[in-house]
Amino acid sequence: MIPRGPGGGDGYIYFLISGLIPWLAVNEGIIRSTTSIVENSMMVRKLPFRSELLVVVPNATAMIFEMIAFAIFLVFLVVRGADLHGIWLLPAALVVQFALQLGIGLMLAATYVFFRDLTQMLGFVLSILFYLSPILYQATGRFGPLLEWNPMTPLLGLFRSAALSAALPEASSIVYLLAVTVGVLSGGLMVFRRAQPTLVDLI
């Protein structure tokens, strides 16, 4: 159920904003991560530093803008009389989001070096993922169990619990989100480090 807005008003606009802000950061971080190694090829060739940092930077930048947007949103909610007793969940949600999108970014950045057509496919995949995530709607009804397999579902649930005092996602959903995040981040680091010795030759 969509929580009612501050002051008892219709809460759909708050529901929508609290889902869009994290999604825009995920979308921006993943897209910019994908091309980060190729776009900074001179740095990779000439400077002695860990090239993973080139993937970290766009994700960190996206997170900074997200935190600014969320801060403005939270101030607005407080002005409207919202009770932010779930705000303590926000740092945890941000950390999980950063780890998840960083893992995806590392995989895609390494893959893009070998397959330059990846960006054309990525835009299409992200568009589909947007509509398969409970951003515009709730993860309920006949397709609710299917949407629970999307890690964005419990992640957005954490953000909405923090900002809108909505009910926490079920414990099993949170455990699933954490397991996926650890797996994706570990897999991203492994893929990137295995591809790292050949990156200089291909870019």
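Odds and ends about this structure:
- Counted residue by residue at 0.36 nm each, then reduced by the alpha carbon distance between them, the extension gain from ILE87 to VAL175 reaches 29.7 nm.
- Size of segment 27-202: Rg and Dmax of its alpha carbons, in Å, are 17.8, 57.
- Here the 3J(HN,Hα) profile of segment 104-115, calculated from phi with Karplus coefficients 6.51, -1.76 and 1.60 at θ = phi - 60°, is 5, x, 5, 4, 5, 4, 5, 5, 4, 4, 8, 10 Hz, Gly and Pro shown as x.
- Per DSSP, loop trypsin sites (Lys or Arg not before Pro) in segment 49-151 with at most 15 further Cβ within 10 Å: ARG50, ARG80, ARG116
- Segment 27-202 - percent relative contact order, Cα under 8 Å, separation 6 or more: 32 percent
- FRET efficiency estimate (nearest 0.05) - Cβ-Cβ, PHE130 to ALA60, R0 25 angstrom: 0.65
- Relative to one another, the C-alpha centroids of segment 133-165 and segment 99-113 are positioned 24 Å apart.
- Nearest-ten-degree value, helix 12-34 long axis tilted from longest Cα axis of the chain: 0 degrees
- Stretch gain in nm, segment ARG193-LEU16, where the contour uses 0.36 nm per residue and the Cα spacing is subtracted: 60.0 nm
- Added length on full extension, which subtracts the Cα-Cα distance from 0.36 nm per residue, ILE72 to LEU168: 32.3 nm
- Rounded tilt (10° steps) of 171-202 against the dominant C-alpha axis of the chain: 20 degrees
- Chymotrypsin sites (Phe, Trp or Tyr not before Pro), loop per DSSP, at most 15 other Cβ atoms within 10 Å - longest free stretch of the chain: 50-114
- Farthest toward positive dipole pole in the chain [+1 Lys/Arg, -1 Asp/Glu at C-beta], among THR61, ALA179, VAL26: THR61
Every read-out reported here was derived from the displayed coordinates using simple, explicitly stated rules and does not represent laboratory data. Everything numeric in this text was worked out from a predicted model, so none of it was measured. Neighbour counts run over all protein chains shown; Cβ positions are idealised from the backbone, glycine included.
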